[in-house]
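The values are calculated or read from the model by the stated rules, or taken from the named source; none is laboratory data. Keep in mind that what you see is a predicted model, and the values were worked out from it rather than measured. Positions of Cβ are generated from backbone atoms using ideal geometry, with glycine treated the same way; all protein chains shown enter the neighbour counts. Keep in mind that these areas ignore ligands, DNA and RNA; they rest on the heavy atoms of the full protein, side chains included. Shrake-Rupley method; radii C 1.70, N 1.55, O 1.52, S 1.80 Å.
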Amino acid sequence: MDNKRLTRRRFIAIGLLPSFGALVAACAPRVVERVVRETVVLEGTAQVVEKVVTATPPPARPAVNVTLTISGTQDQAKNYLRALEIFNAGHPGVNADLEHVPSAEYGATMQTRLAAGTAADVFQMEAGMWINYEGKGVALSLEPFIASTPGFDKADFFDVPREFFTYQGELYGLPAYGGPLVTYYNTEAFEEVGLDPLPTDVAQADDWNWDALIAAAGKLTKREGDLVTRWGWVAPHEEWFIYIYSGGARLLNEDATRCLLDSEEAIAALQWMHDAIYKHKVAPAKTMVTQRAWNLFPAGRVGVMIDRRWVSSSYVRQGLPRNWRLAPLPKGPGGRRSTTSSWAFSVYAKTKSPDEAWILASWLAGTEGILTLGIEGVPQRKSITMTQTFLADTNSPEENRIFVDQMADAVFQPAKTPKWNQLLQEAFNPELDRLWADKATAREVALAMTKKANEILAS
Amino acid sequence: MSTVRRLAWRVTRWRPALRTSGRENIEGWLFASPWILGFAFFTAGPMVAAMFLGFAEYDLITPPKWIGSANYARLLRDPLLVSSLKVTSIYAFVRVPLVLLLSMVVATLLNTKLRGLRVYRTMFYLPSILPAAAVSMLWLLVFDHDYGFINSFLRQLGLNGCNWLGDTRYALPSLIVMSLWGFGGSMIIYLAGMQSIPTEYYEAAEVDGAGPIQRWWYITWPLMTPILFYNLVMGLIGSLQVFTEGRIITNGGPENATLFFVLYLYRNAFEYFKLGYAAALSWVLFLYVLILTLLVFRSSSAWVYYTSELKR
């Protein structure tokens, strides 16, 4: 009878037995299954495939903490938090944290953090930052990591952003998002004035040119007395660079040491923009629009605008009626040349965990990272832009293909000079204000811009 | 016994000579020490650093490079320095008197026994605590040429509106008008001052037959001059550091018509990465503000009345 008594010692032993069993089980090697998304090319078409990967993780060791700093809205921060949860689940050796900085404060914040030597392990390198940081040792060269990562293909990035983030032949940032400008047009307004829909195939869009834009904008402009209730085209001043390039001119020379805006092509392009406002009266002067085009467009106050892909994502997210479509840029005398910009994921030069930081950066800029974060602009990997996931996102596949096709001739903006912002604020904008206000001719403005820009570049 | 007093007592315990005024002296210094340390580390330190950076080429990332007086020499031939200082001065010299006048008038009106007075006070004060960026966006819609509130109202009256923010003639005045929206801060200080005036003064004046205007002019106005002086100094310093409206609404344009000095300084520091030149600019602004403030202080003996001085 005594043997069957539940003594205190036996009670503790029975209680500890399951715990010991659980401990043994936890220490045993586990086979982990997880689903990863990859881009593969099947019969000439890129597709995102989900693969179940089984792996026996290495013996448990404490995860290495890495921090990611991003700029953007609260919604974008939420996307990143979700993405990092997925990343952390799939990478037991790394624990990534997020630090979100509002877009308006990002440049100054990163500047001071980098100066103080306290930047995050991985951070968004915006193009405007890179023009000043290139060659100053704030980011690690990614070449050693790329070399040691099987299957990593640098050529998968679009050439223009890849070259921008390349310094002395080495890549310092993995381009993530960016993209060129396209034409947005209001389909209801087009129908109302009897205009045919615009083409979506860049190769077939020769008729959609500068003359056609002015003609269409003329029909679309609607007036009630002195008040214009709908502008045909809005704001050539917002993206004036593209008309310089499409006009066959260039802003700066190859090594960004000399301004070329005094060329006849540049003067003609400026004159064409000025004429749209004051001769044809189909676009508002800058002085008449204090709101951005993308605010006016969905309200039906603008027939045609030129903008980037994130605008269509934003409209869809807001649930705005789909009374608009996309078309290539209007072709100018020098072709159809958009500007494009991009930002990249860079690894901080003083990170204590470069390998883990690289794992995070390459994951974020890879297929799984981009698709988890959600497609807003144009992913800077060619393979992702060929997938149905991208092509069916937000716009029709034909419309999404316009962004990809226009990347071929796109010019990266900003130009690669640390004096870019000064050129804009001191040489270009004040002089262009005179053009938009009809206070000076295109030639006077072009010559004044060139003179000031060359003084700044020479200083 | 407070910690500071205890500390002062311990210090003076061993030195009897210090036990009276000396102990109070030490207590005073100890009480003031948080501010003194804060000033030394967060104000004086950066000022001294800025003075040295003014002699350097510095982009925050690479170490400063000594370039002698090149930055200060550049100040002398920088046309944007002159134009931004001019724009800022016009803004300050027009805005400050308008804010002082408006806040004084509204404070006088609110210093009466009205129904719902607290609601009015809150309404007038509220704009001054709203974020400048949000207020700027609001005024952007008010001033819009085609669809803005002001021009829509003018159209109803059969008048043509102006390009408020896009025309070099109207952009700066528009920003000044916009800034008046935040007069509530000065107003609340006036109001507090008015309510501290003993009612006996007014009662005595009333017995002597003084009307409302005379009571205001002979009692309220002189007793409010120290507060006016305070608001003038603070308003002047604040206005000379104006930044947000110029950056968010007009970005310095059109044609640099709203390029305020601090916006120009900010551009040099954080957009052009010329921290050295920005540091030199900051000293120019400091000296300018200092000179104007000293002038105001010098003039104060002629128009500011302190009751303690009158008693003497």
**Asked** Consider A:I146 against the criteria (1) touching a residue at least 12 places away in the same chain (Cβ under 8 Å); (2) more than 17 Å from A:T367 (Cα to Cα); (3) among the β-branched types (V, I, T): it satisfies all of them except one. Which criterion is unmet?
**Response** (2)
**Request:** Within region B:248-294, count every residue that is in a loop (DSSP other than H, G, I, E, B), among the hydrophobic types (A, V, I, L, M, F, W, C), within 11 Å of chain A (Cβ to nearest Cβ) and open to solvent by less than 10 Å² (accessible area, probe 1.4 Å).
**Result:** 1
**Message:** Quick check on this structure: which one of A:G248, A:G303 is away from every other protein chain (no Cβ under 14 Å), of a type in the set (G, A, S) and open to solvent by 20 Å² or more (accessible area, probe 1.4 Å)?
**Reply:** A:G248
**Request:** Search region A:280-296 for residues being more than 10 Å from chain B (Cβ to nearest Cβ), open to solvent by less than 20 Å² (accessible area, probe 1.4 Å) and at pLDDT 85 or above, and hand back the single one that is nearest to the chain's Cα centre (by Cα).
**Result:** A:A283
**Prompt:** What are the residues in region B:70-80 that are open to solvent by less than 70 Å² (accessible area, probe 1.4 Å) and not hydrophobic (A, V, I, L, M, F, W, C), if any?
**Reply:** B:N71, B:Y72, B:R74, B:D78
**Request:** Name the single residue, out of those in region B:143-196 being among the hydroxyl-bearing types (S, T, Y) and within 12 Å of chain A (Cβ to nearest Cβ), that is least open to solvent (accessible area, probe 1.4 Å).
**Result:** B:S174
**Item:** Per-region count, region B:17-37, residues surrounded by fewer than 12 Cβ atoms within 10 Å (Cβ to Cβ), modelled with pLDDT under 90 and in a helix (DSSP H, G or I)
**Value:** 2
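The rows are residues; the columns are (1) open to solvent by less than 30 Å² (accessible area, probe 1.4 Å); (2) touching a strand residue (DSSP E or B) at 6+ places or on another chain (Cβ under 8 Å); (3) over 28 Å from A:I375 (Cβ atoms); (4) at the interface with chain B (Cβ under 10 Å from one of its Cβ atoms).
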{"site": "A:E399", "(1), (2), (3), (4)": "yes, yes, no, no"}
{"site": "A:Q406", "(1), (2), (3), (4)": "yes, yes, no, no"}
{"site": "A:A410", "(1), (2), (3), (4)": "yes, yes, no, no"}
{"site": "A:P414", "(1), (2), (3), (4)": "yes, yes, no, no"}
{"site": "A:L424", "(1), (2), (3), (4)": "no, no, yes, yes"}
{"site": "A:L432", "(1), (2), (3), (4)": "yes, no, yes, yes"}
**Fill in**
Of the conditions (1) small (G, A, S); (2) open to solvent by less than 30 Å² (accessible area, probe 1.4 Å); (3) in a helix (DSSP H, G or I), the single one that B:A204 does not satisfy is (2)
**Request:** Check A:E134 against each of (1) within 14 Å of chain B (Cβ to nearest Cβ); (2) in contact (Cβ under 8 Å) with a residue 60 or more places away in the chain; (3) in contact with a helix residue (DSSP H, G or I) (Cβ under 9 Å, 6 or more places away or on another chain) and name the one condition it does not meet.
**Result:** (3)
**Asked** Is it fair to say A:P330 is more than 14 Å from every other protein chain (Cβ to nearest Cβ), surrounded by 24 or more Cβ atoms within 10 Å (Cβ to Cβ) and touching a residue at least 24 places away in the same chain (Cβ under 8 Å)?
**Response** yes
**Message:** If I filter region B:212-247 down to residues being open to solvent by 20 Å² or more (accessible area, probe 1.4 Å) and not in a helix (DSSP H, G or I), which single residue comes out as farthest from B:M137 (Cα to Cα)?
**Reply:** B:Q241
**Request:** Grab the helices (runs of 4 or more DSSP H) fully contained in region A:368-459, keeping just those with 1 or more residues being within 23 Å of A:G319 (Cα to Cα).
**Result:** A:388-391, A:397-407
**Request:** Return a yes/no flag: does region A:214-236 have any residue that is touching a residue at least 40 places away in the same chain (Cβ under 8 Å), within 30 Å of A:M386 (Cα to Cα) and in a helix (DSSP H, G or I).
**Result:** no
**Prompt:** Does A:A120 qualify as being free of Cβ contacts under 8 Å to residues at least 12 places away in the same chain, assigned by TED's automatic domain parsing to the domain that holds A:A176 and either touching a strand residue (DSSP E or B) at 6+ places or on another chain (Cβ under 8 Å) or surrounded by fewer than 16 Cβ atoms within 10 Å (Cβ to Cβ) (or both)?
**Reply:** no
**Message:** Return the pair list, or none, for Cβ contacts closer than 8 Å from residues in region B:76-102 that are polar (S, T, N, Q) to residues that are part of a helix (DSSP H, G or I), at least 6 apart or on different chains.
**Reply:** B:S84/B:F261; B:S84/B:L263; B:S84/B:Y264; B:T88/B:S239; B:T88/B:L240; B:T88/B:F261; B:T88/B:V262; B:S89/B:L240
**Request:** Could you tell me which residue of region B:81-94 is farthest from B:W221 (Cα to Cα), considering only residues that are within 18 Å of the chain's Cα centre (by Cα) and open to solvent by 40 Å² or more (accessible area, probe 1.4 Å)?
**Result:** B:K86
**Pairs with Cβ under 8 Å, 6+ apart, first in region A:152-174 and closer than 12 Å to A:W130 by Cβ, second among the basic types (K, R) and surrounded by fewer than 24 Cβ atoms within 10 Å (Cβ to Cβ)** = A:F164/A:K416; A:L171/A:K154; A:L171/A:R162
**Request:** Run A:T187 past the list (1) touching a Phe, Trp or Tyr at 6+ places or on another chain (Cβ under 8 Å); (2) surrounded by 19 or more Cβ atoms within 10 Å (Cβ to Cβ); (3) of a type outside the set (D, E, K, R) and report the number of the one that doesn't hold.
**Result:** (2)
**Prompt:** Taking the condition touching a helix residue (DSSP H, G or I) at 6+ places or on another chain (Cβ under 8 Å), open to solvent by less than 40 Å² (accessible area, probe 1.4 Å), within 14 Å of another protein chain (Cβ to nearest Cβ) and among the small types (G, A, S), does A:A176 pass?
**Reply:** no
**Item:** Any helices (runs of 4 or more DSSP H) falling wholly within region A:91-173 and containing at least 1 residues that are at pLDDT below 90 and among the hydrophobic types (A, V, I, L, M, F, W, C)
**Value:** A:103-116
**Prompt:** Which of the residues that make up region A:371-394 are open to solvent by less than 30 Å² (accessible area, probe 1.4 Å) and over 15 Å from A:D153 (Cβ atoms)?
**Reply:** A:L371, A:T372, A:L373, A:G374, A:I375, A:G377, A:V378, A:T387, A:F390, A:L391
**Request:** Residues being more than 14 Å from every other protein chain (Cβ to nearest Cβ) and basic (K, R): count how many of those fall in region A:213-227.
**Result:** 1
**Pairs with Cβ under 9 Å, 6+ apart, first in region B:49-65 and away from chain A (no Cβ under 14 Å) and crowded, with 17+ Cβ neighbours inside 10 Å, second small (G, A, S) and outside any helix (DSSP H, G or I)** = B:G54/B:S69; B:F55/B:G68; B:F55/B:S69
**Item:** Per-region count, region B:107-142, residues more than 14 Å from every other protein chain (Cβ to nearest Cβ), surrounded by fewer than 12 Cβ atoms within 10 Å (Cβ to Cβ) and closer than 20 Å to B:L172 by Cα
**Value:** 0
